[in-house]
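First the structure, in the form of structure tokens, and then the observations on it.
FYI, it's all coordinate maths here, none of it is from the lab. These numbers were taken from a predicted model, which means no experiment stands behind them. So basically every Cβ, Gly included, is an ideal-geometry build from the backbone, and we count neighbours across all protein chains shown.
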Amino acid sequence: MTTIGDLPEDVLVELLSLLPARELIRSCRLVCSQWRYVVDLNTLWKRKCQRDGFYHQSLDRSISDWKIFYMLLLLKKNLIKNPRAEENFQHWTIDHNEGDKWKIEELPGAHGSHMPDPKVQKYFVTSYGPCFKSQLITLDKEGYWNQLMDEKRPEITVKDWYAARFDCGCRYELTVRLLSKDYLVLEEFHPEPVVIEQWSDAQWREISHTFQNYPAGVRYIWFQHGGHDTQYWAGWYGIRVTNSSITIGPQTSL
């Protein structure tokens with residue numbers, strides 16, 4: 001009588017590739033030495049990438065570990081919560097709230113412009129005093145285990161969108177820190193503040209940075225942005241921000 005253990009390796013790869021990644025790692029890999037060997041095969045995870053639409057022939061020479069590649073794409077999501085002001089200020093920590101304080105407005109807003117992405121309908125806006133807000137992301141809670149971050153050090157990409165009103169100048173700042181378990185700064189992205197003069201085009205602009213080859217030990221990501229208007233007018237004439245994102249993993253357009 002033929003059992004599943006008698007199947008050729010390529011057939012077993014095909015069958016096991018139908019199963020969810022969690023089941024493969026937590027259950028199938030423990031069945032026997034043969035299954036452990038097959039589950040660890042690059043060909044199995046490459047097949048899963050093909051099944052789930054993560055594969056393109058141009059990747060063949062650049063991917064050395066298809067299992068990690070698959071897991072990173074499976075996990076990939078925006079780690080910033082409530083990036084578009086759709087849930088008021090939920091998930092954000094208000095670090096500075098000067099002037100007339102943070103406010104939420106609908107696009108395009110007074111003397112403003114629409115975002116390139118029509119799905120974005122709201123933004124956060126600052127006042128005449130410093131307004132900054134932040135989020136602290138705990139990586140293991142988002143599925144990124146310590147060994148993955150220390151050994152593979154996947155790319156961490158940060159993006160933010162900002163704009164000014166046409167009729168008022170303003171200042172924009174962004175700080176992103178990769179932190180250790182003890183909250184020590186292992187790497188930081190803190191570009192020069194952007195000062196936008198009065199009578200600008202009021203267009204939305206994206207700022208982007210990708211952390212690569214950072215030190216081992218990253219356990220948290222701290223994201224902070226904000227600013228103020230430069231003419232100190234009462235109300236909400238300062239920098240506008242929305243559609244922030246932090247993603248981890250391959251920058252693929254698949």
| remark: In order over segment 199-210: 3J(HN,Hα) from phi, Karplus 6.51/-1.76/1.60, θ = phi - 60°, whole Hz, x for each Gly or Pro, gives 6, 7, 7, 6, 7, 7, 10, 9, 10, 9, 8, 10
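Can you pull out the chymotrypsin sites (Phe, Trp or Tyr not before Pro) in segment 196-254 that DSSP calls coil and that have at most 14 other Cβ atoms within 10 Å?
Here the sparse-neighbourhood loop sites are Trp199, Tyr232.
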| Looking at [x] 1.07; [y] 1.11; [z] 0.95, which value of Rg/Rh (Cα atoms, Kirkwood Rh) comes from a calculation on the structure shown? | [y]
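Calculated from DSSP H runs of 4 or more alone, at -39500 (n - 2.57) each and per residue, what is the 222 nm mean residue ellipticity of the chain, nearest 500?
Result for the chain: -4500 deg cm²/dmol, rounded to the nearest 500.
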| What list do you get for Glu142, Glu151 if you sort them by fewest beta carbons within 10 Å? | Glu151, Glu142
| Mean-position separation - Cα centroids, segment 26-95 and segment 210-226, in angstrom | 20
| request: Select from Leu174, Ala234, Trp145 the residue farthest towards the positive end of the dipole of segment 93-248; place +1 on Cβ of Lys and Arg, -1 on Cβ of Asp and Glu, and compute about the Cα centre. | output: Trp145
